[in-house]
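Peer 1: This is the structure I have questions about; it appears just below.
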Amino acid sequence: MDKLTTIAVDIAKRVFSVYWVDARTGEIGARTMSRAKFEEFMRRREASRVVLEAGGSAHYWGRWLACHGHEVRLIAAQHVRAFVRTNKTDAGDARAIWEAASRPEVRWVTVKGEAAQAVLGLHRMRRQLIDMRRMQTNQLKGLLYEFGVVAPARVTEVQIEGWVAAGRVPQLIGARLGEQVERIAQLKREELALTRAITEHNAEDALAQRLLAVPGIGALGASALSADLSTGAKGYANGRQYAVCKGIVTRLSGTGGKVRPGAISKRGDPYVRTLLIHGARSVINHRRRTKRLSPWLSALLERRPLNVAVVALAHKMARTAWALAAHERTYQENYGAQAA
């Protein structure tokens, strides 16, 4: 691996900055080129170690470069920022990527496959539709409230027509509010269509089917975790590293030899972390109602607040998901106790 020349690339839509130090001669190279010139440059280069900053289109370029015989590494942006000297430019970023990549303690981001990115794209589209629907709904209720109408949770066009007829809402805005209601309904239909597409894809995904057996992991969680772990599980040494990467671990702060744990770090992808925490909360609430709490959860809830227990269970779920993906196992409840 030491004989490979490391090439650092700061990618963009049209302009690419490249920085490298030849492994044999020590010659330093730095170039800025267009997208087409970059493709030609990498095709003509001998096999090299190419380091990219994880960001927009980085996974695409990682796959493209791997197909042309290069060893590809992705590095998180926060690990690069410390090596940017003085002014932040594309050329400076490329040099900073190269310097960060030379550090022995650096942690790499696994290049996602095309199928995994497509599935996660469905999740992003669905999340955006939910946010758009919430914004439209809040605006609708806010406008009605300006005319003294306290709207219920779900507003229909018939209700708006009734308020207009009763003179509670001006006719000028009444028709437009009805159109707003239809837009909200359309957003809900599109959201449900994407949810069905994700659920149907789970039926064809072996890892997602195994993840569905884990309490607290539903259709959305299984799909997102499967896409995240199908190619990336081997990028983590163990399940704890995966949970830490998702931000489900306490942030440490201290000095003088005294270290204090604080709130969770919230590093990494907030979407997967949100699904895990909501899933953990539903598991705890259900098992408390049915009086089927495990001894571990019971003891945890006795000595710590509910939210702490929820995060602890979410952490455990993340580690379980990693184990199922990395070792190709099926879920077994109380696996650790059985092994002991």
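Peer 1: Picking from R251, R267, which residue would you name as being part of a strand (DSSP E or B), touching a Gly at 6+ places or on another chain (Cβ under 6 Å) and either modelled with pLDDT under 95 or on the phi > 0 side of the Ramachandran plot (or both)?
Peer 2: When all the criteria are applied, what remains is R251.
Peer 1: What number of residues within region 120-161 are within 20 Å of I173 (Cα to Cα) and touching a residue at least 12 places away in the same chain (Cβ under 8 Å)?
Peer 2: 16
Peer 1: Consider I248 carefully, then state whether it is touching a strand residue (DSSP E or B) at 6+ places or on another chain (Cβ under 8 Å) and either open to solvent by 60 Å² or more (accessible area, probe 1.4 Å) or within 27 Å of A224 (Cβ to Cβ) (or both).
Peer 2: yes
Peer 1: Something else: Where in region 1-88 are there helices (runs of 4 or more DSSP H), lying fully within it, with 2 or more residues that are touching a strand residue (DSSP E or B) at 6+ places or on another chain (Cβ under 7 Å) and open to solvent by less than 40 Å² (accessible area, probe 1.4 Å)?
Peer 2: 35-44, 58-67
Peer 1: Then there's this: From the list A312, A280, pick out the single residue that is touching a Gly at 6+ places or on another chain (Cβ under 6 Å), surrounded by 12 or more Cβ atoms within 10 Å (Cβ to Cβ) and hydrophobic (A, V, I, L, M, F, W, C).
Peer 2: A280
Peer 1: Further question: What about G174, is it surrounded by 14 or more Cβ atoms within 10 Å (Cβ to Cβ), of a type outside the set (F, W, Y) and in contact with a helix residue (DSSP H, G or I) (Cβ under 6 Å, 6 or more places away or on another chain)?
Peer 2: Taking the combined requirement at face value, the residue satisfies it.
Peer 1: Quick one: in region 253-277, of everything that is within 20 Å of A309 (Cβ to Cβ) and among the aliphatic types (A, V, I, L, M), which residue is most open to solvent (accessible area, probe 1.4 Å)?
Peer 2: A263
Peer 1: So, V259, is that one free of Cβ contacts under 8 Å to residues at least 12 places away in the same chain and over 22 Å from E204 (Cα atoms) or not?
Peer 2: yes
Peer 1: Let me ask something else. Of the conditions (1) more than 30 Å from R288 (Cα to Cα); (2) without any contact (Cβ under 8 Å) to a residue 12 or more places away in the chain; (3) open to solvent by 50 Å² or more (accessible area, probe 1.4 Å), R183 clears all except one; give me its number.
Peer 2: Of the numbered conditions (1) more than 30 Å from R288 (Cα to Cα); (2) without any contact (Cβ under 8 Å) to a residue 12 or more places away in the chain; (3) open to solvent by 50 Å² or more (accessible area, probe 1.4 Å), the odd one out for R183 is (2).
Peer 1: How about region 89-116: which of its residues are surrounded by fewer than 20 Cβ atoms within 10 Å (Cβ to Cβ) and touching an Asp or Glu at 6+ places or on another chain (Cβ under 6 Å)?
Peer 2: Result: D90, single match.
Peer 1: Tell me which residues, restricted to region 118-147, are buried (at least 18 other Cβ atoms within 10 Å of the Cβ) and among the hydroxyl-bearing types (S, T, Y).
Peer 2: T137
The values are calculated or read from the model by the stated rules, or taken from the named source; none is laboratory data. Everything quoted here is computed from the prediction, not taken from an experiment. Here Cβ is always computed from backbone atoms with ideal geometry, including for glycine, and neighbour counts include all displayed protein chains. Calculation scope for accessible area: heavy atoms of the full protein, side chains included, ligands and nucleic acids excluded. Shrake-Rupley method; radii C 1.70, N 1.55, O 1.52, S 1.80 Å.
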